[in-house]
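Below is one structure, written out as structure tokens; the observations come after it.
The values are calculated or read from the model by the stated rules, or taken from the named source; none is laboratory data. The shown structure was predicted, so the numbers you read here are calculated from the model rather than taken from an experiment. Every residue, glycine as well, gets a Cβ built from its backbone with ideal geometry; the counts of neighbours run over all protein chains shown. Ligands, DNA and RNA are stripped out before the accessible areas are found, and what is left, the full protein with its side chains, is counted by its heavy atoms. Shrake-Rupley method; radii C 1.70, N 1.55, O 1.52, S 1.80 Å.
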Amino acid sequence: MEMQIQARNHRLSETSRDYLTRKLERIEGRVNLPVDAHVVVSEEKTRSQQDRIVVEVTLRCNGTLLRGQRRAATVQAAVDALADTLDRRVAHFKSRAYRSEAAYRHGSIHSIREMEDPGAPEPDEDEPEEMELGRVVRSKRFPMKPMAVEEAVVQMELLDHAFYLFHNAATGHHNVLYRRNDGDYGLIEPEEA
């Protein structure tokens, strides 16, 4: 396993680093694929001592991203909780990969049903006209490979996000996939104004 561990506002002991490495290697053994891991351990000033340590892990398995984040009082407690979360995501990833492969072999690949109304929330009419806007405090960059909408749904679920930006292989444009309140998905496709 190729692993990058970063510590922010926290001095990571060798014991904690070893514990983290052992837990992630155990997860890699369940995936049966090469895994690259990016880990960030940080300490945040919060009112609750129980939520000060934050451990974020992003696993790249054969082009698929699995992500998890947990807060706890200690690094070990956060890693234990995160390992359980990642175990569930790995199981979901493996079952999706198996079902996709079986569907491909049997010629029964189905696409997500067409979405006529993406159901985007309407602006609130009671909202004051002048709003105080927040500021951009974080910027992320990540590689985007072209993918089908179905693959974007799987990626979004594995990352446990409410939305997912991806490069649509069918259209050649960037699209946003999002989870609707009814459990279905919406797709936002750009068009020239």
Within the range 55-86, residues being more than 17 Å from MET156 (Cβ to Cβ) and either part of a helix (DSSP H, G or I) or touching a His at 6+ places or on another chain (Cβ under 6 Å) (or both) number 10
Flagged in the range 26-35 as under 15 Å from THR85 (Cβ atoms) and buried (at least 18 other Cβ atoms within 10 Å of the Cβ), in numbering order, are ILE27, VAL31
Those residues of the range 12-48 that are within 15 Å of GLN76 (Cβ to Cβ) and either part of a loop (DSSP other than H, G, I, E, B) or touching a residue at least 12 places away in the same chain (Cβ under 8 Å) (or both) come to a total of 13
In the range 163-177, anything touching a residue at least 24 places away in the same chain (Cβ under 8 Å) and farther than 13 Å from GLU150 by Cβ is listed as GLY172, HIS174
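Taking only the range 132-149 into account, find how many residues are exposed (fewer than 13 other Cβ atoms within 10 Å of the Cβ) and either in contact with a His (Cβ under 8 Å, 6 or more places away or on another chain) or not in a loop (DSSP other than H, G, I, E, B) (or both).
3
Name the one entry in THR46, THR15 that is out of contact with any Lys or Arg (no Cβ under 7 Å at 6 or more places or on another chain) and farther than 19 Å from LEU158 by Cα.
Numbers: THR46 fails: out of contact with any Lys or Arg (no Cβ under 7 Å at 6 or more places or on another chain).
When all the criteria are applied, what remains is THR15.
If you take the residues in the range 124-159 that are within 18 Å of HIS92 (Cβ to Cβ) and not aliphatic (A, V, I, L, M), which one is modelled with the lowest pLDDT?
For the range 124-159, the residue satisfying everything is GLU157.
When the range 4-25 is examined, which residues are found to be open to solvent by 100 Å² or more (accessible area, probe 1.4 Å) and closer than 16 Å to ASP84 by Cβ?
Of everything in the range 4-25, just one residue is open to solvent by 100 Å² or more (accessible area, probe 1.4 Å) and closer than 16 Å to ASP84 by Cβ, namely ARG22.
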If we ask which residues in the range 36-61 are modelled with pLDDT of 85 or more and either open to solvent by 40 Å² or more (accessible area, probe 1.4 Å) or not hydrophobic (A, V, I, L, M, F, W, C) (or both), their number turns out to be 8
